[in-house]
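Visitor: Below: one structure in structure tokens.
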Amino acid sequence: MSQKPSGSFRETVVTVVYAVIIALGIRTFAYEPFNIPSGSMKPTLLVGDYLFVSKLSFGYSRFSLPWALPLISGRIFFSEPERGDVVVFRLPTDTSIDYIKRLIGLPGDKIQVTGGILQINGKPVVREQTDDFVTTDSLGNKRRTPRFIETLPGGRRHYILESMGDNGSSDNTGVYTVPAGHYFAMGDNRDNSQDSRFLNAVGFIPVENLIGHAKFLFFSIDGGGWNAWEFWKWPSKIRFGRLFNGIE
């Protein structure tokens with residue numbers, strides 16, 4: 001009788017080890033969860049969104065592995081991302097940090113922003129104004145931000161915000177020529193995004209730094225004006241309309 005607890009404990013440990021190995025395998029090679037800590041991708045992604053990123057989409061590099069173990073040289077099983085994909089990548093200027101932005105420029109592209117209008121290879125991207133993006137601050141005040149639909153070459157359409165008009169420093173840039181093996185990414189919240197336009201902070205993204213393609217939301221909660229331990233407020237804070245939505 002004294003051996004039963006020992007055997008049971010051993011079986012439990014083995015089960016836990018197997019579960020951890022399977023979870024690490026899924027996280028490393030298939031899908032990894034991420035959460036959104038800032039508003040740089042509004043209105044597509046909101047603070048408090050939780051999403052799955054497909055690591056199958058672009059193949060694997062050392063940044064696909066736990067702790068970025070240097071076991072992969074370059075990139076293997078690579079599939080080229082498409083213009084307009086929302087991607088997670090390691091920040092080129094600090095590879096300990098994950099960023100999420102929309103991929104705008106492919107290798108060899110010339111990217112510029114003039115008067116708030118994105119230019120790709122010398123051609124302006126079509127931008128159509130639509131209804132305002134409305135949020136409520138912690139004091140209950142409604143805030144409206146001009147929202148546009150942008151149509152990239154190839155037909156991909158997505159929303160962007162222009163909260164400060166079209167005359168800011170990031171609304172009028174020089175021409176960026178995307179080097180071979182690199183990409184150019186921007187946030188959808190154009191006036192509140194540190195992205196490839198800022199070469200010293202982000203700059204061009206090496207192909208090796210890509211982690212995956214943001215696919216869909218699995219949870220979303222409004223974190224403003226409450227504490228997580230206030231569980232009785234959870235039902236009113238969960239954004240049920242965003243659960244299991246795909247990311248365009």
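The values are calculated or read from the model by the stated rules, or taken from the named source; none is laboratory data. Because the structure is a prediction, the values reported are computed rather than measured. Cβ coordinates were reconstructed from backbone atoms using ideal geometry, including for glycine residues, and neighbour counts include every protein chain displayed. Just so you know, the surface numbers come from the protein's heavy atoms only, side chains and all, with ligands and any DNA or RNA stripped out. Shrake-Rupley method; radii C 1.70, N 1.55, O 1.52, S 1.80 Å.
Visitor: Just the accessible area per residue of the chain, please: how many Å² with a 1.4 Å probe?
Guide: Averaged over the residues of the chain, the accessible area is 54 Å².
Visitor: Kindly provide the helix-only [θ] at 222 nm of the chain, computed as the sum of -39,500 (n - 2.57) over DSSP H runs of four or more divided by all residues, to the nearest 500 deg cm²/dmol?
Guide: Taken over the chain, the calculation gives -4000 deg cm²/dmol.
Visitor: Test of understanding: what is the full-extension gain from residue 175 to residue 35, defined as 0.36 nm times their sequence separation minus their Cα-Cα distance?
Guide: 47.2 nm
Visitor: Charges only on Cβ, +1 for Lys and Arg, -1 for Asp and Glu: so what's the dipole of region 177-248 about the Cα centre, in debye to the nearest 20?
Guide: 220 debye
Visitor: Go through 163, 129, 247 and say which Cα lies farthest out towards the positive end of the charge dipole of the chain; charges sit on Cβ, +1 for Lys and Arg, -1 for Asp and Glu.
Guide: 247
Visitor: Suppose every K and R has +1 on its Cβ and every D and E has -1 on its Cβ; what is the size of the dipole of region 140-222 about the Cα centre, in Debye to the nearest 20?
Guide: 300 debye
Visitor: Then there is this: Which net charge results for the neighbourhood of residue 106, defined as the other residues with beta-carbon distances under 12 angstrom from its beta-carbon, given Lys and Arg at +1 and Asp and Glu at -1?
Guide: -2
Visitor: How many percent of the accessible area of region 44-132 is carbon or sulfur, using a 1.4 Å probe?
Guide: 56 percent
Visitor: Please find the FRET efficiency linking residue 167 to residue 14, where r is the Cβ-Cβ separation and R0 is fixed at 51 Å, and quote it to the nearest 0.05.
Guide: 0.20
Visitor: State the answer as a single residue: which of 40, 108, 60 lies farthest towards the positive end of the charge dipole of region 1-108, with beta carbon charges of +1 for Lys and Arg and -1 for Asp and Glu, about the Cα centre.
Guide: In region 1-108, that residue is 60.
Visitor: Let me check I've understood the local charge: for residue 54, count other residues with C-beta under 9 angstrom from its C-beta, Lys and Arg +1, Asp and Glu -1. What total comes out?
Guide: Net charge in that neighbourhood comes out at +1.
Visitor: Using a simple charge model, +1 on the beta-carbon of Lys and Arg, -1 on the beta-carbon of Asp and Glu, nothing else, what dipole does region 1-129 show about its Cα centre, in debye to the nearest 20?
Guide: Using only the charged Cβ atoms, the result is roughly 100 debye.
Visitor: If you don't mind, another one. Highest mean first, how do 109-121, 204-216 rank when packing is the count of other Cβ atoms within 10 Å averaged over residues?
Guide: Output ranking for 109-121, 204-216: 204-216, 109-121.
Visitor: Another one. If R₀ is 35 angstrom, what is the calculated FRET efficiency for the pair residue 143 and residue 94, using the beta carbon separation as r and rounding to 0.05?
Guide: In this case the efficiency is close to 0.65.
Visitor: Something else now. Principal axes first, then extents: for the Cα atoms of the chain, list largest minus smallest coordinate on each axis, whole Å, largest first.
Guide: Principal extents (Cα only, largest first): 80, 49, 30 Å.
Visitor: Moving to a separate point now. So, with a 1.4 angstrom probe, what is the percent of accessible area on region 149-233 that is carbon and sulfur?
Guide: Within region 149-233, the accessible surface is 58 percent carbon and sulfur.
Visitor: I would also like to ask the following. Roughly how many whole Å is it from the C-alpha centroid of region 187-225 to that of region 72-99?
Guide: Distance between centres, Cα-based: 11 Å.
Visitor: Helix 3-29 versus the longest principal axis of the chain: what is the Cα-based angle in degrees, 0 to 90, to the nearest 10?
Guide: Computed tilt is about 20 degrees.
Visitor: Hey, another quick one. Given a Förster distance of 45 angstrom, what is the FRET efficiency for residue 135 paired with residue 56, based on the Cβ-Cβ distance and rounded to 0.05?
Guide: Efficiency at R0 = 45 Å is approximately 0.85.
Visitor: Out of 149, 185, 196, whose Cα points farthest toward the positive end of the dipole of region 125-209 (charges: +1 Lys, Arg; -1 Asp, Glu; placed on Cβ)?
Guide: Ranked along the dipole, the leading option is 149.
Visitor: Let me have the relative contact order for region 176-224, percent, based on Cα pairs under 8 Å that are six or more residues apart.
Guide: About 29 percent, as a whole number.
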